[in-house]
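The values are calculated or read from the model by the stated rules, or taken from the named source; none is laboratory data. Quick caveat, the model's predicted, so the values are computed rather than measured. Don't worry about glycine lacking a Cβ; one is built from the backbone with ideal geometry, like all the others, and counts go over all protein chains shown. These accessible areas exclude ligands, DNA and RNA; they are computed on the full protein's heavy atoms, side chains included. Shrake-Rupley method; radii C 1.70, N 1.55, O 1.52, S 1.80 Å.
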Amino acid sequence: MRFEIARANIDESPKRGETARAMTRRLAQAKAHSVAHKFKEKRLDAIVIGADTTVELDGHLLGKPDSLKAARDMLGRLSGRTHRVVTSVATIRLPDRAAKIATESTRVHFARLTASEIADYVATQEPLDKAGAYAIQGLAGRFIDRIEGCYFNVVGLPLALLYRMLIGLGWQPAALNHGGHASGRPRD
């Protein structure tokens, strides 16, 4: 699938009293609309995708930490607990602007972490640009006891959900050959 990355440049601050679902839906839609607006003059045949992910623990939203101390604090709160990762995906088909939005939620069971494990992980700086201060697909994968739901949601983009949304907008995936690879593409 050919794609381009375009920055939405929107304010991602949560609104007072906003739930994880409401916030991620609002931000995913804002991102998709911002990018779609940039291409309104070009009359492209394309699908714009906007997504937003947050971590929710006991009704509190944990976004991206703004410091090493904030990352340590978030990981301390997650330690030995179960939290939810919520991602909303908004799509807009161009040029007709047909739109869809959907939300995925996954329960993540975090192992109990020692202060040393938290300090060592934060020192890698991996947590600094991740909702909830961890990357399941990175070094923090070792701290996850189990999940209930979509792994790719925890990474930040629920692929099965996105695939169904794209199909619903008329996107046609490339045919797979018998080796499981997209036809017309060389095998690696």
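Listing for the model above:
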{"read-out": "Residue within region 76-83 that is at pLDDT below 95 and either within 17 Å of the chain's Cα centre (by Cα) or open to solvent by less than 40 Å² (accessible area, probe 1.4 Å) (or both) present", "value": "no"}
{"read-out": "Cβ pairs under 8 Å, 6+ apart, first in region 133-158 and over 19 Å from Glu104 (Cβ atoms), second among the charged types (D, E, K, R) and at pLDDT below 95", "value": "Ala133/Lys64"}
{"read-out": "Subset of region 43-68 that is open to solvent by 60 Å² or more (accessible area, probe 1.4 Å), out of contact with any helix residue (DSSP H, G or I) (no Cβ under 6 Å at 6 or more places or on another chain) and of a type in the set (A, V, I, L, M) - its residue that is modelled with the lowest pLDDT", "value": "Leu44"}
{"read-out": "Any strands (runs of 3 or more DSSP E) falling wholly within region 54-135 and containing at least 3 residues that are out of contact with any Pro (no Cβ under 9 Å at 6 or more places or on another chain) and of a type outside the set (Phe, Trp, Tyr)", "value": "82-94, 98-110"}
{"read-out": "Meets criteria (among the basic types (Lys, Arg), open to solvent by 90 Å² or more (accessible area, probe 1.4 Å) and in contact with a Gly (Cβ under 9 Å, 6 or more places away or on another chain)) for Lys100", "value": "no"}
